[in-house]
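What follows draws every value from the coordinates through simple rules; no lab data is involved. Fair warning: this is a prediction, and the values are worked out from it, not measured in the lab. All Cβ positions, glycine included, derive from the backbone under ideal geometry; neighbour counts span all protein chains shown.
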Amino acid sequence: MRKVFVTGGAGFIGVNFVKYWRQQHPEDFIINFDALTYAGCRESQGELEEQDFYYFVKGNICDRSLLHEIFTGVYECLPKPDIIVHFAAESHVDNSIENPSAFIETNVMGTQALLDAALKHGKIRFHHVSTDEVYGHLGLEDAPFDESTPYAPRSPYSASKAASDHLVRSYFETYGLPITISNCSNNYGAYQFPEKFIPRMITNCIQGKKLPVYGKGMNIRDWLHVDDHNRALEQILLRGEMGETYCVGASDPEKTNVDVVRQILSAFDLGEEMIEYVSDRPGHDFRYAVDSSKLQRELGWMPKVPFEEGIAETVKWYRENEAWWKGKV
Ligand SMILES: NC(=O)c1ccc[n+]([C@@H]2O[C@H](COP(=O)([O-])OP(=O)(O)OC[C@H]3O[C@@H](n4cnc5c(N)ncnc54)[C@H](O)[C@@H]3O)[C@@H](O)[C@H]2O)c1
């Protein structure tokens, strides 16, 4: 039985990861550790809360004494973790422009507190969930990001994630902490907080509101279904090589924001008049694209969910789960 310590397991990807891991590895004990910021929702775990081998702890990754209690097995007599899967972060670029400090605190200082806990309590296996945004952005003709792309973050969010990636890597090089890092493209799927692009567009359609699109909607993204991301994380956790980084993306193919909006509008039989072009985000990254060939070649991962299928399923989920997102818009 593995004892898996998941940070940020009440947020979008973490919620889906915990559900996926429970389904695939029901023998493992999961400790879901989350501060429940505005982006965290404990109820998303639903019936898991009632099950054995699952325990939710409301806590902040910056709280070193709480981490110490958990990693020494003192806290609520929980089993001592032997794997850390680190999702917890401030994750919304717009918020990072308004208030960068919260991003440095959680994404950098919090990650360091967690790394120290992992090191101090027996060099616990540590996987750091990161973003392709650390590589900056691409022009139309540029080759996709891969593991050798130099870091060039352009927002306080991506800069804080870049700093955390460097720290994680340094704990491998300096102290021999067994780490892996994944840098993933934009995710979509169920349980994503409605501040983010795809759920914002879907929930606005449901409410009959206009769809605000930055600039001319020509920014390009590489959208990956959250289940494909979590399948990639599973492969890295089970078979990844220590000290390595893996890029994760769909290349399905890349899409402009306005293409994505059109696809969502068509699911509601709505037309382009619903789009409202708004002034662009400062420093808005133009294009992201990710080359996942290392992950495919070395760990046999392939994305399974075509965008058309995944987006239809996501629209259906938001339609059927208004109670989940209504209080959050
Ligand atoms: N969403 C994406 O498209 C995407 C893509 C690539 C990588 N990532 C990375 O994946 C991770 C998860 O992203 P997400 O979209 O699920 O984010 P999210 O904002 O939906 O969830 C973040 C979770 O972390 C928790 N949290 C925040 N600060 C905390 C703290 N100090 N201590 C403990 N918990 C805290 C929040 O309560 C929330 O539950 C992040 O590290 C993000 O950088 C996200």
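Put simply, the amide H of Tyr246, placed in the peptide plane, has neighbours under 5 Å in Ile181, Ser182, Asn183, leaving out anything fewer than 5 places away on its chain. Ranked for footprinting exposure by Cβ neighbours inside 10 Å, fewest first, Asp142, Asp228, Asp252, Asp132 give Asp142, Asp252, Asp228, Asp132.
The 3J(HN,Hα) values that the Karplus relation (6.51, -1.76, 1.60; θ = phi - 60°) gives for the range 28-42 are, in residue order, 7, 8, 10, 9, 9, 10, 8, 7, 6, 5, 4, 8, x, 9, 5 Hz. Gly and Pro appear as x. Ordering Gly136, Phe5, Gly46 by Cα displacement along the dipole of the range 1-157 toward the positive end leaves Phe5 in first place; charges were set at the Cβ atoms of Lys, Arg (+1) and Asp, Glu (-1). Among Gly243, Gly122, Gly14, the residue with the largest mean-square fluctuation in a Gaussian network model of the chain, with springs joining Cα atoms closer than 10 Å, is Gly122. Loop-resident GluC sites (Glu not before Pro) (DSSP state other than H, G, I, E or B) in the range 136-232 with no more than 11 further Cβ atoms inside 10 Å of their Cβ: Glu141. Put in order of Cβ neighbour count within 10 Å, fewest first, the listed residues Val248, Val260, Val329 become Val329, Val260, Val248. When the alpha carbon gyration tensor of the range 228-285 is reduced to an equivalent ellipsoid, the three semi-axes, largest first, read 35, 17, 8 Å.
How high is the relative contact order of the range 64-194, given as a whole-number percent (alpha carbon pairs under 8 Å, six or more residues apart)? Write down the numbers at each step before the final one.
Working: 170 pairs, mean separation 37.9, N = 131.
Answer for the range 64-194 is 29 percent.
Dividing the C-alpha radius of gyration of the range 26-137 by 2.2 N^0.38 Å, with N its residue count, gives 1.13.
Give Lys3/Lys123; Lys80/Lys294; Lys161/Lys216 a once-over and call out the pairs whose C-alpha atoms are over 23 Å from each other. Going by Cα-Cα distance, Lys80/Lys294; Lys161/Lys216 fall outside the 23 Å limit. Amide H contacts of Leu224 (H built 1.01 Å from N, in plane; Pro and chain starts excluded): Asn186, Asn187, Tyr188 sit under 5 Å, all sequence-distant by 5 or more or on other chains. Over the chain, Cα pairs under 8 Å with separation of 6+ residues give a relative contact order of 17 percent. Packing here is the average count of other Cβ atoms within 10 Å per residue, and on that basis the peptides 48-57, 109-118, highest first, run 109-118, 48-57.
Could you tell me which trypsin sites (Lys or Arg not before Pro) in the range 52-151 are loop residues by DSSP with no more than 16 other beta carbons within 10 angstrom of their beta carbon? It would help to have the intermediate numbers written out before the result.
Details: sites: Lys58, Arg64, Lys120, Lys123, Arg125; in loops: Lys123.
Those satisfying the criteria are Lys123.
For the range 124-137, backbone phi angles converted through the Karplus equation (6.51, -1.76, 1.60; θ = phi - 60°) give residue-by-residue couplings of 6, 3, 10, 10, 9, 8, 10, 10, 6, 5, 4, 8, x, 9 Hz, Gly and Pro being listed as x. Computed from phi, the 3J(HN,Hα) profile of the range 290-307 under the Karplus parametrisation 6.51, -1.76, 1.60 (θ = phi - 60°) reads 10, 9, 9, 5, 5, 5, 5, 6, 8, 10, x, 7, 9, x, 10, 9, x, 4 Hz, with x in place of Gly and Pro.
Kindly provide the helix-only [θ] at 222 nm of the chain, computed as the sum of -39,500 (n - 2.57) over DSSP H runs of four or more divided by all residues, to the nearest 500 deg cm²/dmol?
Values: 12 runs with 123 residues, N = 329.
The per-residue figure over the chain is -11000 deg cm²/dmol.
All distinct Cα pairs of the range 195-271 go into the 1/r average, and the inverse of that average, the Kirkwood radius, is 14.5 Å. Diffusion coefficient of the range 67-194 by Stokes-Einstein, Kirkwood radius over Cα pairs, 37 °C, 0.692 mPa s: 208 µm²/s.
Amide H to amide H, with H built 1.01 Å from N, Arg287 comes under 5 Å of Leu138, Ile220, counting only residues 5 or more places away or on other chains.
Within the same chain, lysines fewer than 8 places from Lys209 are excluded, and of the rest, those with a Cα less than 20 Å from its Cα are Lys196, Lys316, Lys326, Lys328.
Reported to two decimal places, what Rg/Rh ratio describes the chain when computed on Cα atoms with Rh from the Kirkwood expression?
Values: Rg = 19.1 Å, Rh = 20.2 Å.
Checking Rg against Rh, the ratio lands at 0.95.
Gyration tensor over the Cα atoms of the range 186-329: the corresponding equivalent ellipsoid has semi-axes (square roots of 5 times the eigenvalues, largest first) of 29, 18, 13 Å. In summary, the range 119-214 shows an alpha-carbon radius of gyration equal to 1.40 times the 2.2 N^0.38 Å reference for compact globular proteins.
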